[in-house]
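The values are calculated or read from the model by the stated rules, or taken from the named source; none is laboratory data. Just so it is clear, the model here is predicted, and its values are computed rather than measured. Backbone-built Cβ (ideal geometry, glycine too); neighbour counts: all protein chains shown.
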Amino acid sequence: MRLFDLPHNRLAEILSLASAEDKVLLRQEAVYLMTSGLLNQLPCTVYCLATDAAVRGIPISEPFIALNDSQWLDLVLQAKQQL
(Lines give C-alpha, C1' and ligand atoms only; values in the text may rest on other atoms or scores of the structure.)
Protein backbone atom coordinates (compact mmCIF):
# COMPACT_ATOMS: atom_id res chain seq x y z
CA MET A 1 0.00 0.00 0.00
CA ARG A 2 1.27 3.43 -0.85
CA LEU A 3 -0.14 6.39 1.07
CA PHE A 4 0.02 9.87 -0.43
CA ASP A 5 -0.69 12.84 1.81
CA LEU A 6 0.83 15.62 -0.25
CA PRO A 7 2.14 16.00 -3.79
CA HIS A 8 5.82 15.19 -3.81
CA ASN A 9 8.57 16.69 -5.99
CA ARG A 10 9.52 13.14 -7.03
CA LEU A 11 5.96 12.05 -7.75
CA ALA A 12 6.65 10.53 -11.18
CA GLU A 13 9.48 8.45 -9.74
CA ILE A 14 7.34 7.27 -6.83
CA LEU A 15 4.41 6.38 -9.08
CA SER A 16 6.69 4.32 -11.32
CA LEU A 17 7.18 1.96 -8.35
CA ALA A 18 3.50 0.99 -8.28
CA SER A 19 2.71 -2.53 -9.45
CA ALA A 20 -0.56 -4.35 -10.06
CA GLU A 21 -0.52 -5.78 -6.51
CA ASP A 22 -0.25 -2.35 -4.88
CA LYS A 23 -3.03 -0.15 -3.60
CA VAL A 24 -2.61 3.61 -3.59
CA LEU A 25 -4.50 5.68 -1.05
CA LEU A 26 -4.82 9.44 -1.55
CA ARG A 27 -5.33 11.48 1.59
CA GLN A 28 -5.66 15.14 2.42
CA GLU A 29 -4.14 17.40 -0.28
CA ALA A 30 -3.13 14.38 -2.39
CA VAL A 31 -6.75 14.06 -3.56
CA TYR A 32 -5.96 16.94 -5.93
CA LEU A 33 -3.89 14.41 -7.90
CA MET A 34 -7.18 12.92 -9.11
CA THR A 35 -7.65 16.03 -11.26
CA SER A 36 -4.18 15.90 -12.83
CA GLY A 37 -4.42 12.78 -14.99
CA LEU A 38 -1.14 11.49 -13.53
CA LEU A 39 -2.83 8.57 -11.79
CA ASN A 40 -5.18 7.39 -14.55
CA GLN A 41 -2.72 4.88 -16.01
CA LEU A 42 -1.46 3.28 -12.80
CA PRO A 43 -1.48 -0.52 -12.91
CA CYS A 44 -3.09 -0.72 -9.45
CA THR A 45 -6.23 0.35 -7.65
CA VAL A 46 -6.29 3.95 -6.44
CA TYR A 47 -8.42 4.85 -3.43
CA CYS A 48 -9.19 8.20 -1.85
CA LEU A 49 -10.83 9.29 1.35
CA ALA A 50 -14.32 10.49 0.47
CA THR A 51 -14.29 13.17 3.17
CA ASP A 52 -10.98 14.61 1.94
CA ALA A 53 -12.31 14.87 -1.62
CA ALA A 54 -15.64 16.34 -0.47
CA VAL A 55 -14.01 19.02 1.67
CA ARG A 56 -11.96 20.11 -1.34
CA GLY A 57 -14.86 19.95 -3.79
CA ILE A 58 -13.27 17.21 -5.89
CA PRO A 59 -15.66 14.75 -7.54
CA ILE A 60 -14.71 11.08 -7.38
CA SER A 61 -15.13 9.01 -10.52
CA GLU A 62 -13.47 6.03 -12.19
CA PRO A 63 -10.75 4.91 -11.96
CA PHE A 64 -10.75 6.12 -8.33
CA ILE A 65 -12.58 4.41 -5.46
CA ALA A 66 -13.91 6.42 -2.53
CA LEU A 67 -13.50 5.07 1.00
CA ASN A 68 -15.10 6.11 4.25
CA ASP A 69 -13.07 6.08 7.48
CA SER A 70 -13.85 2.49 8.45
CA GLN A 71 -13.08 1.20 4.93
CA TRP A 72 -9.78 3.11 5.04
CA LEU A 73 -8.90 1.49 8.35
CA ASP A 74 -9.72 -1.97 6.96
CA LEU A 75 -7.54 -1.31 3.91
CA VAL A 76 -4.59 -0.20 6.05
CA LEU A 77 -4.94 -3.18 8.38
CA GLN A 78 -4.89 -5.58 5.41
CA ALA A 79 -1.69 -4.09 3.97
CA LYS A 80 1.53 -6.03 4.42
CA GLN A 81 3.53 -2.81 4.40
CA GLN A 82 2.95 0.91 3.99
CA LEU A 83 5.14 3.43 2.23
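Data table
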read-out	value
Enumeration of residues in the range 4-32 that are assigned to a helix (DSSP H, G or I) and modelled with pLDDT of 85 or more	GLN28, GLU29, ALA30, VAL31, TYR32
Residues within the range 25-72 that are surrounded by 11 or more Cβ atoms within 10 Å (Cβ to Cβ), closer than 16 Å to ILE14 by Cα and of a type in the set (Gly, Ala, Ser), tallied	1
Complete set of residues in the range 33-47 that are in a strand (DSSP E or B) and either at pLDDT below 85 or among the polar types (S, T, N, Q) (or both)	THR45
Residue match in the range 74-83 (condition: modelled with pLDDT of 90 or more and closer than 12 Å to VAL24 by Cα)	no
